[in-house]
Every structure is written in structure tokens, then in C-alpha cells.
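Structure, as C-alpha cells:
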Amino acid sequence: MRNQPLRHAETFELPELWQNDRVGSGMQRWQREFPEIDCSGKAVVGRLLHLHETFLKAINRTLARHKLKYPAFAILATLRVEGTPYRMSPKALLDSLILTSGGLSNLLRRLEKAGHIRRMADETDGRGVIVELTEQGRRLVEPAMRDHAETERRLIAALSVEERDAAAQALGRMMLGRT
């Protein structure tokens with residue numbers, strides 16, 4: 001079904017609301033120049049890519065007040081919500097985050113140097129390591145978590161509660177289908 005011509009290519013119309021945004025106007029150009037290509041995926045994927053950049057900038061602006069960027073914040077917040085004693089293995093952290101193992105190692109090194117985490121031997125596995133949030137890291141991340149949640153709510157404020165629920169469910173289905 002890949003790039004099969006749309007049977008209704010001539011009649012496919014973008015919802016009026018979408019026609020004037022960056023992705024909608026791009027889709028109109030695609031339809032004009034390549035009517036045989038079904039570019040309908042751009043309605044979702046293009047907007048997600050655009051919103052990723054928009055959201056990340058807003059989140060990093062918020063986190064800058066706490067002298068954090070999103071990847072470091074994500075590690076500290078993940079450790080914090082793990083609950084007392086705020087510890088996880090690097091593998092469990094990696095499974096929870098969207099980072100490479102090399103990226104995680106570098107971030108852990110910087111966070112440890114700053115005193116926000118400590119790495120220690122895993123008592124259950126002599127070869128393993130456990131990452132623990134320090135008291136200093138907890139004092140840093142908790143106010144950042146409150147501000148971060150407020151920024152997320154502000155970013156989705158244009159959606160009704162029903163639209164938020166529908167978007168969350170649809171995106172969740174997409175994530176489950178791609179893991």
C-alpha cells in the first residue's frame with residue numbers, strides 16, 4: 001500500500017483549520033505537485049515533528065530557571081518519581097528515557113560531578129551499578145518538576161479536556177504499535 005495513488009486524490013480536502021498552518025500548506029503543495037502520493041501521514045507526523053521542537057524549546061526555557069536542560073531533568077525526575085530511596089539501575093533508567101546508552105553515561109557523569117546523583121555498586125549484582133538521587137538533586141528537581149508540569153499544561157491549553165484525552169489515547173496507541 002506504500003505510496004499507492006489516493007483513489008480520492010482530487011477530492012481529498014484538508015480541514016479548513018489546517019489549511020493555513022505550516023504543515024497544511026506543505027501538504028497542499030505536495031498534493032499539487034505529486035497528486036499520486038498519499039501524503040496524509042503528514043497531517044499527524046509533520047505536526048508532531050513541529051510540535052516537538054516547539055515543546056522542547058518551551059520546556060527548556062522553563063528548566064533553564066533551574067539550571068537544567070530536558071535530558072538531565074528527565075533523569076533526575078525519573079529517579080525522584082521512583083520513590084524512596086530514589087534509585088535505579090542505568091538499564092532501568094535507559095528503558096524509561098529516550099536516550100542512547102552513551103548519552104546516558106555522559107549525563108550521569110555530569111550529574112554526578114554536579115552532586116545531583118551518586119553511582120554505587122549494586123549490592124545484588126557485584127558487577128552492576130545503581131544510580132541514586134542525592135538530597136541536592138532532590139532539592140533541585142522537585143521545584144523544576146512543578147514548573148515543568150505547569151509548562152506542559154500551558155502547552156496543551158488550546159485543547160478541551162475531551163481533545164486532550166483523545167490525543168493522549170491516539171498517541172498512546174501509536175507508541176504501542178511502534179515499540
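Observations on the structure shown:
- In the stretch 11-28, the condition of being assigned to a helix (DSSP H, G or I), of a type in the set (D, E) and modelled with pLDDT under 90 is met by at least one residue.
- Look at (1) modelled with pLDDT of 95 or more; (2) of a type outside the set (V, I, T); (3) over 30 Å from D125 (Cβ atoms); (4) surrounded by 17 or more Cβ atoms within 10 Å (Cβ to Cβ) and you find that K57 fails only one, number (4).
- Residue that is surrounded by the most Cβ atoms within 10 Å (Cβ to Cβ) [pool: residues in the stretch 67-90 that are farther than 17 Å from E112 by Cα and under 19 Å from the mean Cα position of the chain (by Cα)]: E82
- The condition (being part of a helix (DSSP H, G or I), assigned by TED's automatic domain parsing to the domain that holds F55, under 25 Å from L48 (Cβ atoms) and not hydrophobic (A, V, I, L, M, F, W, C)) is satisfied by just one residue among R138, R173, R110, R146: R173.
- Search result, residues across the stretch 73-108 that are acidic (D, E) and on the phi > 0 side of the Ramachandran plot: none
- Verdict on T134 being of a type in the set (S, T, Y) and farther than 24 Å from A167 by Cα: yes
The values are calculated or read from the model by the stated rules, or taken from the named source; none is laboratory data. The model shown is predicted, which means the values in this text are computed figures rather than measured ones. Methodologically, a virtual Cβ is constructed for each residue, glycine included, from the backbone with ideal geometry; neighbour enumeration extends over all protein chains shown.
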